[in-house]
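> Have a look at this one before I ask anything.
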Amino acid sequence: MAWKRARGGVVGLAVMALVATVFTGSAGASSDGADRSGGRHQETRRAIEAAVRAGVPGVTVQARDGRGVWRSASGVGNLRTGAPRGRDDRFRVGNVTDTFVATVLLQLEAEGRLRLDDTVERHLPGVVRGNGNDGRAITVRQLLNHTSGLFDYALDPEYGATYLAGDGFLRHRYDTLTPETRVRVALSHAAPFGPGVRHSFSNTNDVLAALIVERVAGRRYEDEVHDRIVEPLGLGATSNPGNRVRLPRPSSRGYAKLFAAQPDRIDDVTETNGSQAWGNGDMISDADDLNRFYSALIRGRLLPPRQLAELKTTVDNPDFPGASYGLGIERFTLGCGVTLWYHDGGAPGSITMVALTEDGRHQLAFNYNGAWAAETILPIVNAEFCPARSDTPADTPSDTR
């Protein structure tokens, strides 16, 4: 799994003590009456509770399979008041947004309005230029499978210090940013490698993909996502925030560790301007909507067979042997032999994971309202899909986006 923006260190003892004090009596997971699975998610529940004990403020989760729907929540949604995490919480999904954008582009291809092997220059003339970057040599496909070679704007030191960490984030969290601003940051760097050489995740690719949606469709990418995916599937909890800063209700507070020199410090980062992640990480959803979207996608409800095959055509991820990346979606086979399609996403105060089996019939979506402790995610995935192996070492790569 290729997480990049949600990295966090080990939770300090002081924070552990604070969190334990805040939610004493409310940290146990609770599930609603929709669970008809005969308790088969007990190992998943235990893995979630272990994540909370490790310092994650709260977790909301939903699993779906042929035997029913299981929803649960553990920990707190508000560290100040001790209010519990909600089973129906909405949250920022981060780079899970990428799959929505890729789906729209593939639908446009099915309509004959673009081709995956079109160059970026064809749809965004003059945009990708300078420092050896050349949109005439990069295709739409290479944006979606992250083989373009373009520098990730989020890794620019000045951008990171201004918008992603420490006092910079706290001062600028309400700023409105244009996608062009972030693209210019990326293009101020030479490409780390040439187009098609290898896979390497870059947020810049996803911003450009959303800009291409707008250029081809002639209207906002948010409207295309809504009319093509959200409305047809009835995803009532899924939205694009624009430049709004608050989460819609029901929702919990989101927390982050912004200061590397103060690893025990936790800041409430719930409010942040959605425009700062436009096109590559801005969307808001809940676990139920995410499970239904990914299941519909993998089971062919949103794409014709040829475009679905393109979506599922992967390139190796050399950073994480055994993992591969399709068009806005990732693939990995667990140690127990179960193959998953998945995507993950980090956002201010939020880590999200969605995973499902190849047939789309067994789905898992969950969210942390704290942007750290990503090492606790893998045991949850293993517990749900490989319950007999949930106590084994992680079977999947463990870096975080």
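The values are calculated or read from the model by the stated rules, or taken from the named source; none is laboratory data. This is a predicted model, so every value here is computed, not measured. All Cβ positions, even for glycine, are placed from backbone atoms using ideal geometry, and neighbour counts span all protein chains on display. All accessible areas refer to the heavy atoms of the entire protein, side chains included, with ligands and DNA or RNA removed. Shrake-Rupley method; radii C 1.70, N 1.55, O 1.52, S 1.80 Å.
> Based on this model, can you work out whether R46 counts as open to solvent by 30 Å² or more (accessible area, probe 1.4 Å) and at pLDDT below 95?
Judged against the criteria, R46 is not a match.
> Also, quick follow-up: Any chance you could count how many residues in segment 196-221 are outside any helix (DSSP H, G or I) and open to solvent by less than 60 Å² (accessible area, probe 1.4 Å)?
5
Table: residues versus (1) within 18 Å of V140 (Cβ to Cβ); (2) among the basic types (K, R); (3) open to solvent by 10 Å² or more (accessible area, probe 1.4 Å); (4) without any contact (Cβ under 8 Å) to a residue 24 or more places away in the chain.
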{"residue": "A287", "(1), (2), (3), (4)": "no, no, no, no"}
{"residue": "P304", "(1), (2), (3), (4)": "yes, no, yes, no"}
{"residue": "Q307", "(1), (2), (3), (4)": "yes, no, no, no"}
{"residue": "L311", "(1), (2), (3), (4)": "yes, no, no, no"}
{"residue": "V315", "(1), (2), (3), (4)": "yes, no, yes, no"}
{"residue": "P318", "(1), (2), (3), (4)": "no, no, yes, no"}
{"residue": "R331", "(1), (2), (3), (4)": "no, yes, yes, yes"}
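> I'd like the residue in segment 181-193 that is assigned to a loop (DSSP other than H, G, I, E, B) and touching a Ser or Thr at 6+ places or on another chain (Cβ under 9 Å) and, out of all such residues, is surrounded by the most Cβ atoms within 10 Å (Cβ to Cβ).
A191
> For the list (1) open to solvent by less than 10 Å² (accessible area, probe 1.4 Å); (2) touching a Lys or Arg at 6+ places or on another chain (Cβ under 9 Å); (3) of a type outside the set (D, E, K, R), I need the number of the one condition that T162 fails.
Exception for T162: condition (1).
> Still on this structure, please answer the following. For segment 165-180, which positions are assigned to a helix (DSSP H, G or I) and open to solvent by less than 40 Å² (accessible area, probe 1.4 Å)?
The answer is G166, G168, F169, P179.
> Suppose we filter segment 249-295 for residues that are under 20 Å from W341 (Cβ atoms) and either part of a loop (DSSP other than H, G, I, E, B) or more than 18 Å from the chain's Cα centre (by Cα) (or both); how many remain?
4
> Something else: Determine which member of the set G160, G196, G149 is more than 22 Å from the chain's Cα centre (by Cα) and not charged (D, E, K, R).
G196
> Follow-up. Among the residues of segment 111-127, what is the count of those that are crowded, with 18+ Cβ neighbours inside 10 Å and assigned to a helix (DSSP H, G or I)?
So the count comes out to 2.
Listed here are the residues, each with its yes/no results for (1) in contact with a Phe, Trp or Tyr (Cβ under 6 Å, 6 or more places away or on another chain); (2) farther than 26 Å from V269 by Cα; (3) modelled with pLDDT of 95 or more; (4) assigned to a loop (DSSP other than H, G, I, E, B).
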| residue | (1), (2), (3), (4) |
| --- | --- |
| C336 | no, yes, no, yes |
| L340 | yes, yes, yes, no |
| H343 | no, no, yes, no |
| I351 | yes, no, yes, no |
| L364 | no, no, yes, no |
| N367 | yes, no, yes, no |
| A388 | no, yes, no, no |
| A394 | no, yes, no, yes |
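> Pull up segment 150-159, narrow it to residues that are among the aromatic types (F, W, Y) and part of a helix (DSSP H, G or I), then point me to the one that is surrounded by the fewest Cβ atoms within 10 Å (Cβ to Cβ).
Here the answer is Y159.
> Scan segment 113-125 and report the pairs whose first residue is without any contact (Cβ under 8 Å) to a residue 60 or more places away in the chain and whose second residue is open to solvent by 90 Å² or more (accessible area, probe 1.4 Å), with Cβ atoms within less than 7 Å and a gap of 6+ or a chain change.
T119/R136; E121/R136
> Also: If we keep just the residues of segment 79-95 that are part of a strand (DSSP E or B) and open to solvent by 20 Å² or more (accessible area, probe 1.4 Å), which is farthest from D289 (Cα to Cα)?
P84
> If you go through segment 355-390 one residue at a time, how many are within 23 Å of Y325 (Cβ to Cβ), of a type in the set (G, A, S) and open to solvent by less than 10 Å² (accessible area, probe 1.4 Å)?
So the count comes out to 3.
> Does D98 count as under 18 Å from Y294 (Cβ atoms) and surrounded by fewer than 24 Cβ atoms within 10 Å (Cβ to Cβ)?
Answer is no for this residue.
> Can you pull out every residue in segment 225-234 that is open to solvent by 10 Å² or more (accessible area, probe 1.4 Å), within 23 Å of R115 (Cβ to Cβ) and touching a Leu at 6+ places or on another chain (Cβ under 9 Å)?
Within segment 225-234, R228 is the sole residue that qualifies.
> Among the residues of segment 128-149, are any out of contact with any strand residue (DSSP E or B) (no Cβ under 9 Å at 6 or more places or on another chain), part of a helix (DSSP H, G or I) and either open to solvent by 20 Å² or more (accessible area, probe 1.4 Å) or of a type in the set (G, A, S) (or both)?
Within segment 128-149, one or more residues are out of contact with any strand residue (DSSP E or B) (no Cβ under 9 Å at 6 or more places or on another chain), part of a helix (DSSP H, G or I) and either open to solvent by 20 Å² or more (accessible area, probe 1.4 Å) or of a type in the set (G, A, S) (or both).
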